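Comments concern the structure below.
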Amino acid sequence: MNTLEVMVIAFGLAMDAFAVSLASGASNRLTSKRSVFRLSFHFGLFQFMMPVIGWFLGYTIAPLFQTFDHWIASGLLLFVGFRMIRTAFGGMRETYQQDPSKGLNLVLLSVATSIDALAIGLSLAMLDIEIWYPSIIIGIVTGILSVIGIKLGKKLGDVFGQKMEFIGGLILIFIGLNILLENIL
């Protein structure tokens, strides 16, 4: 697999993380450089790890993952998206004031945006392609695009305020439904 092919795959896989980063930045809950680093680092880390895990699992249980990976990713994105929309309308204000780069939200977002990378790892295993180089590139590209998404989202959030949290929730729901529809149809 050449570098151009790896870069195309990396950018494709990073788009979910970019969109979630954009929404997270727009929510104005990432208040420090540390939280920006934490979110982008974890998105990159999970995007690096999932192809490796998929590659190792690809030799044993590949058909099982292909049947339900989209349900997991969709469910996680829908859950977080609906929480963001509920928060935008004043619900859960007390429980969702925390930084999305911490705790359960960080884990859910990291897993949801990297499930498709698991499938790439499974595919690479079936094609008998070495996993380390593509995984490193995928992780780095995702981390960089996540920082860009957060910064861009922050600017949009400053201009449009709480409406961006609602829009961010809609983006996550759209991504979740898109993943589900692509795999059903």
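The values are calculated or read from the model by the stated rules, or taken from the named source; none is laboratory data. Computed from a predicted model, the values in this text were never measured in an experiment. Quick reminder, even Gly has a Cβ in these numbers, built from the backbone with ideal geometry, and neighbours come from all protein chains shown.
Return yes or no: is residue 129 surrounded by fewer than 22 Cβ atoms within 10 Å (Cβ to Cβ), in contact (Cβ under 8 Å) with a residue 60 or more places away in the chain and not in a helix (DSSP H, G or I)? Don't jump to the end; show me each part of the working.
On the way: surrounded by fewer than 22 Cβ atoms within 10 Å (Cβ to Cβ): yes; in contact (Cβ under 8 Å) with a residue 60 or more places away in the chain: yes; not in a helix (DSSP H, G or I): yes.
Criteria met by residue 129.
Does any residue in segment 161-185 that is assigned to a helix (DSSP H, G or I) and of a type in the set (Phe, Trp, Tyr) come within less than 7 Å, Cβ to Cβ, of a residue that is at pLDDT below 75 and surrounded by 14 or more Cβ atoms within 10 Å (Cβ to Cβ) six or more places away or on a different chain, and which pairs are these?
From segment 161-185, the pairs are 166/88.
Considering only segment 96-104, I want to know if a residue exists there that is in contact (Cβ under 8 Å) with a residue 24 or more places away in the chain, among the charged types (D, E, K, R) and part of a helix (DSSP H, G or I).
Step one: list which residues in segment 96-104 are in contact (Cβ under 8 Å) with a residue 24 or more places away in the chain, which gives 97-102.
Subset that is among the charged types (D, E, K, R): 99, 102.
Then keep just the ones that are part of a helix (DSSP H, G or I); that gives none.
Within segment 96-104, none of the residues are in contact (Cβ under 8 Å) with a residue 24 or more places away in the chain, among the charged types (D, E, K, R) and part of a helix (DSSP H, G or I).
Please pick out the residue among 151, 155 that is of a type in the set (D, E, K, R), part of a helix (DSSP H, G or I) and at pLDDT below 90.
Values: 151 fails: at pLDDT below 90.
Testing whether each residue is of a type in the set (D, E, K, R), part of a helix (DSSP H, G or I) and at pLDDT below 90 leaves just 155.
Does segment 23-34 include one or more residues that are assigned to a helix (DSSP H, G or I), under 20 Å from residue 99 (Cβ atoms) and at pLDDT 90 or above?
Scanning segment 23-34 turns up at least one residue that is assigned to a helix (DSSP H, G or I), under 20 Å from residue 99 (Cβ atoms) and at pLDDT 90 or above.
Go through segment 28-60 and count every residue that is touching an Asp or Glu at 6+ places or on another chain (Cβ under 6 Å) and more than 10 Å from residue 150 (Cβ to Cβ).
1
Suppose the filter is more than 14 Å from the chain's Cα centre (by Cα), more than 27 Å from residue 3 (Cα to Cα) and at pLDDT below 85; does residue 81 pass it? Can you show your working first?
Numbers: more than 14 Å from the chain's Cα centre (by Cα): no; more than 27 Å from residue 3 (Cα to Cα): yes; at pLDDT below 85: yes.
So residue 81 fails the test.
Looking for something modelled with pLDDT of 80 or more, closer than 16 Å to residue 14 by Cβ and touching a Ser or Thr at 6+ places or on another chain (Cβ under 6 Å) - is there at least one such residue anywhere in segment 50-73?
Looking through segment 50-73, at least one residue is modelled with pLDDT of 80 or more, closer than 16 Å to residue 14 by Cβ and touching a Ser or Thr at 6+ places or on another chain (Cβ under 6 Å).
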